Every structure is written in C-alpha cells, then in structure tokens.
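Visitor: Dumping the structure here so I can ask a few things about it.
A short reminder: the numbers here are calculations on the coordinates, not readings from a lab. Worth saying up front: this structure is predicted, and the values here are computed from it rather than measured. Reconstructed Cβ throughout: ideal geometry from the backbone, glycine too, with neighbour counts over all protein chains shown.
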C-alpha cells in the first residue's frame, strides 16, 4: 500500500527557469571545472599575460613620448601634432595586429588543452547520460561546450588585444586612438573571433571522435601540423595550394581585416578562397560534431 | 492507477547487434526489479526508458509520454547510469548542484536540494571533497543523489549497488524502499538477484535482449510447470516419511539423507503437496520439524528460465 511521506519526497512548487539559456550552467560548470587545476592555467596564460602587460606598457610609453614631444616642441611641435599622433596611432594599431597574430598560437594551445577532453571525457565517463536524461537538448550541450572552449581561447587572443586597445584609447591624447583607429577594436574582435571559432570547432570535432582526452590532444595538434605541412608541400607544386593551410588563410584574413600590406608574397590566393577554406573547415567540423552528438549514447 | 511504463514490441539494434528484441510489457507503480545477466539488454532498456536513445522498432511510453527528447518528461525522471559519469575535479556537492541547475532550479534551490539529496545517501560529511578522492561506493552514492535530488516521480537506476560495501548496499536498498513507500516509482536493474529480491517481489527478467518473465517471483515460479518444485522436509524418521510420499501421483522423485534427517521431494503440484503433507504429518506423525521450498527463490527461477 503506497503512502506519502512529504518529509522524504518533496515536490517542487516554484517556477523553473525557461529553457532558453540552458547551456549556461554547462558553460559555467565547464569553466569552473577547468580552472580547478592551476598549473595548466599558469603555463598556458603566463605568456599571454606578460605579453599583454608589455604591449600595454609600450603603447602607454608611445603616447607619453608623443605628449612630451608636443609639449617641448612649442608652436612647431603643435603644428606637427596631428601628423605625429596619426603616426603613433598607426604604430599602435600595428602592434595590436602583431599581438593578435602572435597570441593566436597560445590560444591554439589553450583551446586544445581545455577543449580536447570536453566530448571525449564525457563519453568515456558516461556523463552525457546524465545530461541527456535532463531537460537539455543536444544543441544546449554543444553550445555549453563550445562556449567553454571559446572562453579559454578568447582569454589568450581576444582579451589581450582588447586590453591593449583599451589602454591605447585611454592613454592616447584626446582619445585620438579611439577616434582615428577605433575600428581596430571591432577588427580585433572579428579576427580573433574567427580564429577562436575555427580552432574550437576543430578541437571539439576531434574530441567528439576520440575516446580519450590524450588522443584528442594528439589528434588536434596533428591536424594543425598536417594541415600546415600539407599546404607547404603542395605549394611547391602550385603556390595557390598554400590556401589549404588554415594558418596561411588566417594570415591572409589578418591582412584583409586589418587592411595591412604584407610583404610576404607567398599568399597568392584571394581572400575569398581563405574565407571559403576556413568556412568549409568550420562547417565540416560542426557537421561531424552534430553527427557524433546525435549518436553519442550509441558510440559510448 | 495508471501504468508507469508500457512497452510494445520494443526493439533496439546496434547495427547487426541486437540490444533489445520485441519486448512488450507493462510496469505498474512501486518498486520493480529489472534483472538479467550482463549483456541481457538491461542498460539498453533503461536508456530507452529515459529517452537517451530511440527505439529501432516498437514504442515505449513512460508516465504516459514518449521519452525520447521529451524535455517535459525528463523533469519527472531521475536516472542513475551504470557508468562513472562524475567529474573528478568537482566536489560531490558541486556536481549534484550543477546537474540541478540544468533542470532549471535557481542557485539557492539547487544548493539546498543538493545538500538534502547527498544527506539522504549519507554523504553529508564528504560532500565538499573532490570526487577524485572518493571511493567507488562514494561515487555511486553521488550518482544516486543526483538521480533523486529533483524529486522525480520515476527513478531509474542501472546497477546502483555496484561498488558498494554491504552496509552501503543495505542503506541504498532501504532508501529505495523508503522512496517506494513514499509513492515514488523505482525501476532498479541488477544482475545480483538476491539483492533485488530483498527489495521487491515485482521483477522483469531479461535475457539476450528478450523478455524472459515478468511478475512476482512466486507467480513466475508457478508458471514454470516443466520444472518440478523441490521441497526439503526435516523429519525424525525420514525413511518412513519417504515411503509414505512415494505413492503420491504429483511426487516425481524422493531423495533421503538419513544422517541429516532430511527428505528432498520433487513435486509437480507444490500447493497440493503442501496441503496433503500437512494432513499426513498431523495424522501419522513422522516427526516433521521443518518444511522448505528450496527452488522457489529468484535465483532458482532465473536459473530455470535461462537453462
């Protein structure tokens, strides 16, 4: 004979949150879990942190030196103020571009380290069984994981670029950086956003195919090395084949996004080709992830 | 009261491998044991119930709804998988609270419920330690805690007693019993038969992906008419007792152990045999001291079924 015991069994009377942002707890838990191990954080983010500080200081120093030149130059100095300021702004922009370009490699390390286990370990542990018996969809699950890995990528490449942009905006006289080169902020977000999306997609794709984090780590690095190598080898036949390498495509996109002249003449392919290759890789990765997530409980 | 689960010709194939084949059954309210050896299809059946996978053929309704990708139903289900499923860098408390957040509970409610659920599985003292340092049994308790934390109407547990010490097993079985008494439906799978027999008489037996039997253990045993029931009788004069039993038409075999003072009888009609034996002992003596059906238990029933 069944009986009720309200002390033991308490039906929830409140309002549960709507489904819209169900991926957020997954994202937050992913970040919290990953940040519990301090050594990888220290190793992976020491260089980006130092680089950000150094670049910020250099940018600050440039504007400080410009101010001093104006103040000691009298009227003549005042007349050349705008020309100097524009030149300094351009130099600062160049440094931000350089920082973005260099930091993407550290971002790749971070994304690979923190992203490799996200699907592979869930499947190995069977954690997906807990998720999918709860009111979250596979899209929520993917978004939660994608945001997690993108977050760690952004800490290496987008955040340093934006911090230096911020410093440049604050320290430039009369907000000249913001007025003249303000679009650098948006360009930084666009460039690093594409890079983070690309690397996150590749790493998550490999993770969805691998049975362990270690295999996914090797697989993800292997992809980038092989992709770069293949592009390099095939470019000996035809220089346009360099477009196979996503690294080269990103370089091409960097020149395009930041409107800079690259003195490296090997990039003979067009921006459209670079966009197509990067877009294609992202699309293929997302399709593989979708297929693997759809069958996650079967392949586990 | 409505059925908790209805399956019709339910099947699930993994390519050429048959996980579950044409299982049709109805499970009512209360605690039900899902039994079968390893590879019987128990986990596949449970995954179908909790909506993790779609059936290849047939259909299943849980609490009146189709489970696959049914978010409304998922709020009413609690699932404890067989796999480890626990993140080692999280504490038990964080893990359960995080899973509650996925249900849509707010931060404070999640924490309160996580604490209460972990208390129910006797994990209060260790809940703020990382699960990486937990024993297998403690991890199992955390998994059970996450399954009950949102107070579901149906709790589905896949081999929940694995890794638990005898005391832990007892505590978890008691908890399941309490939940059952409180009106929660519990479906618990195990390959350790006697543990489930302690918990419930209602069983579903799977073997090689097929439904072998369903009902209470005595009901199922009664259906196995091709296997005579074994009855052990301890008596002061076993030889004379055996002589009196041999002529009975339902008695198939009699074995005497004179030293132990025991007679083992195989009978085709256990109920009739018991009635007649009671009358015989009352009339003629024989010093009958005890009477026991030795193959009416779940273990024996299962052995007969898979033979």
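Visitor: Which FRET efficiency, nearest 0.05, do residue B:269 and residue B:129 yield, Cβ-Cβ r, R0 51 Å?
Guide: In this case the efficiency is close to 0.30.
Visitor: What share of all Cα pairs of the stretch A:150-223, in percent, falls into each consecutive 5 Å distance bin?
Guide: 3, 16, 19, 16, 13, 10, 8, 6, 5, 3, 1, 0
Visitor: Could you tell me how many cubic angstrom of Cα convex hull volume the stretch B:156-294 has per residue?
Guide: That works out to 164 Å³ per residue.
Visitor: Could you tell me which of rounded, prolate or oblate describes chain A, using a ≥ b ≥ c as the square roots of the eigenvalues of the alpha-carbon gyration tensor, with rounded for a/c under 1.5 and, failing that, prolate when a/b is larger than b/c and oblate otherwise?
Guide: Because a/c hits 1.5 or more and a/b fails to exceed b/c, chain A counts as oblate.
Visitor: Okay, next question. Report, to one decimal in Å, the Kirkwood hydrodynamic radius for the stretch A:201-300 based on all distinct Cα pairs.
Guide: 14.8
Visitor: Could you work out the pair-distance distribution P(r) of the stretch A:208-250 from its alpha-carbon pairs, with 5 angstrom bin width and percents rounded to whole numbers?
Guide: It works out to 6, 25, 22, 15, 13, 11, 6, 2, in whole percents.
Visitor: What are the semi-axes of the equivalent ellipsoid for the protein assembly as shown, taken as the square roots of 5 times the Cα gyration tensor eigenvalues, largest first, in whole Å?
Guide: 70, 25, 19
Visitor: I'd like the projected area of the stretch B:215-307, averaged over all directions, using the convex hull of its alpha carbons. Report it in nm² with one decimal.
Guide: 6.0
Visitor: Let me ask something else about it. Sort A:128, B:185 so that the residue with the fewest other Cβ atoms within 10 Å of its own Cβ comes first and the one with the most comes last.
Guide: Least crowded to most crowded, the residues run A:128, B:185.
Visitor: Mean 1/r over all different Cα pairs, inverted: what Kirkwood radius does the stretch B:84-126 give, in Å?
Guide: Taking the inverse mean of 1/r over all distinct Cα pairs, the stretch B:84-126 comes out at 10.4 Å.
Visitor: I've got another one for you. Work out Dmax and Rg for the stretch B:110-206 from the C-alpha atoms and quote the Rg first, both in angstrom.
Guide: Rg, Dmax (Cα atoms, Å): 13.2, 39.
Visitor: Per-residue ellipticity at 222 nm for the protein assembly as shown, helices alone: DSSP H runs ≥ 4 residues times -39500 (n - 2.57), over residue total, nearest 500 deg cm²/dmol?
Guide: The helix contribution divided over the protein assembly as shown gives -18500 deg cm²/dmol.
Visitor: Relative to the first principal axis of the alpha-carbon coordinates of chain A, what is the inclination of helix A:271-294, with its axis defined by its Cα atoms, in degrees from 0 to 90 and to the nearest 10?
Guide: Result, in degrees: 20.
Visitor: Using the alpha carbon gyration tensor of the stretch B:68-142, what are the three equivalent-ellipsoid semi-axes (square root of 5 times each eigenvalue), largest first, in whole Å?
Guide: Result for the stretch B:68-142: semi-axes of 21, 15, 11 Å.
Visitor: Which angle from 0 to 90°, rounded to the nearest 10, does the C-alpha axis of helix B:136-148 make with the longest principal axis of chain B?
Guide: Long axis of B:136-148 versus the principal axis of chain B: about 70 degrees.
Visitor: Here is a follow-up. Once each part is reduced to its C-alpha centroid, what is the distance from the stretch A:185-228 to the stretch B:46-100 in angstrom?
Guide: Centre-to-centre (Cα) distance: 30 Å.
Visitor: Roughly what angle does helix A:23-34 make with the longest principal axis of chain A, taking Cα atoms, 0 to 90 degrees, to the nearest 10?
Guide: The angle comes out at about 80 degrees.
Visitor: Once you average over the residues of B:148-154, how many Cβ atoms of partner chains fall within 10 Å of each Cβ?
Guide: 2
Visitor: Once you average over the residues of A:121-130, how many Cβ atoms of partner chains fall within 10 Å of each Cβ?
Guide: If you average over the peptide's residues, the count of other-chain Cβ atoms is 6.
Visitor: Okay, next question. Between residue A:54 and residue A:226, what is 0.36 nm times their sequence separation minus the Cα-Cα distance? Round to one decimal in nm.
Guide: Gain in length upon complete extension: 58.6 nm.
Visitor: Taking all pairs of different Cα atoms in chain B, averaging 1/r and flipping that mean, what Kirkwood radius in angstroms comes out?
Guide: Evaluated on chain B, it is 21.7 Å.
Visitor: From zero outward in steps of 5 Å, how is the percent of C-alpha pairs of the stretch A:117-261 spread across the bins?
Guide: 2, 9, 13, 15, 15, 14, 11, 9, 7, 4, 1, 0
Visitor: Same structure, new question: Kindly identify the stretch B:1-132 as rounded, prolate or oblate by the Cα gyration tensor criterion: order the square roots of the eigenvalues as a ≥ b ≥ c, call it rounded if a/c is under 1.5, otherwise compare a/b with b/c, prolate if a/b is larger, else oblate.
Guide: Cα axes put the stretch B:1-132 in the prolate bin.
Visitor: On to the next question. What average count of beta carbons from other chains do you get within 10 Å of the Cβ of residues in B:103-109?
Guide: 5
Visitor: Return the whole-Å distance between the Cα centroid of the stretch B:126-176 and the Cα centroid of the stretch B:1-21.
Guide: 26
Visitor: Another question, then. Running Debye on the stretch B:1-76 with equal point scatterers at the Cα sites and no solvent, what base-10 log of I(q)/I(0) appears at q = 0.17, 0.23, 0.26 Å⁻¹?
Guide: Debye output, listed in q order: -0.62, -1.12, -1.35.
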